[in-house]
Amino acid sequence: MRALIEASRAPPAFTVAKVISDQAAAPGLLVAGDLGVPAQALPARDGEDRAAYDRRLAAAITELSPSLVVLAGFMRILSADFIAAFEGRILNIHPSLLPKYPGLHTHRRALEARDAEHGATVHFVTAALDSGPPVIQARVSVSPNDDEASLAKRVQAQEHLIYPLAVHWFCGGRLRYRDGKAWLDGGVLERPVKYPVTR
């Protein structure tokens, strides 16, 4: 989130309208405030089901009229109705080279599989968990000495580079979601862009 806010101020600039967290104690709320971005805690109410929570979340987001919803460390699984309300306008970053390792514990799973490479993927959000069309991926080599923490640290450093780039593409009109696919510069992305981007 910090990387996105900081990147929003570099040309071509975009505006982070608000940071919303479902956790009242999320450190990101304080970080956002320190960086001059409005922040709001929107925790689930006692006994509130996912659909009801997502309706409140959607209402809070709709008030902002955003071009794009960006998930950063938001660990709730969003309902199909929520995703439909913002179809084609939700990006997420996942710490694996999707379609490998959707869900949790991606670094552990990569180590257990003895993968030579691991990484992160920015993708559009669809109703199927971590299965929306990928936009861009960054790869890191897996060292024999890696543990989950060391691998996660290197992957996160790449996340901070590729996520702002994808947001810039979207806000600049270069990246779109259409017909269930990611489109960049008017062409379908048959496979995610590899970072670093070369011409």
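A few points about this structure:
- Being among the aliphatic types (A, V, I, L, M), assigned to a helix (DSSP H, G or I), out of contact with any His (no Cβ under 6 Å at 6 or more places or on another chain) and over 17 Å from VAL167 (Cα atoms) is a property that LEU4 lacks.
- Residue match in the range 1-15 (condition: in contact with a helix residue (DSSP H, G or I) (Cβ under 6 Å, 6 or more places away or on another chain), under 24 Å from CYS171 (Cβ atoms) and of a type in the set (Val, Ile, Thr)): no
- Among the residues of the range 151-199, the one identified as touching a residue at least 60 places away in the same chain (Cβ under 8 Å), over 25 Å from PRO66 (Cα atoms) and touching a Gly at 6+ places or on another chain (Cβ under 9 Å) is VAL155.
- The residue of the range 35-55 that is farthest from ALA3 (Cα to Cα), among those that are in contact with a strand residue (DSSP E or B) (Cβ under 7 Å, 6 or more places away or on another chain) and small (Gly, Ala, Ser), is ALA41.
- Odd one out for ASN145 among (1) surrounded by 14 or more Cβ atoms within 10 Å (Cβ to Cβ); (2) without any contact (Cβ under 8 Å) to a residue 60 or more places away in the chain: (1)
- Residue identified as of a type in the set (Val, Ile, Thr), buried (at least 16 other Cβ atoms within 10 Å of the Cβ) and at pLDDT 95 or above among VAL31, VAL37: VAL37
- Failed condition for GLN40, given (1) of a type outside the set (A, V, I, L, M, F, W, C); (2) closer than 17 Å to PRO192 by Cα; (3) part of a strand (DSSP E or B): (2)
The values are calculated or read from the model by the stated rules, or taken from the named source; none is laboratory data. Because the structure is a prediction, the values reported are computed rather than measured. Note: ideal-geometry Cβ built from the backbone for every residue, glycine included; neighbour counts use all protein chains shown.
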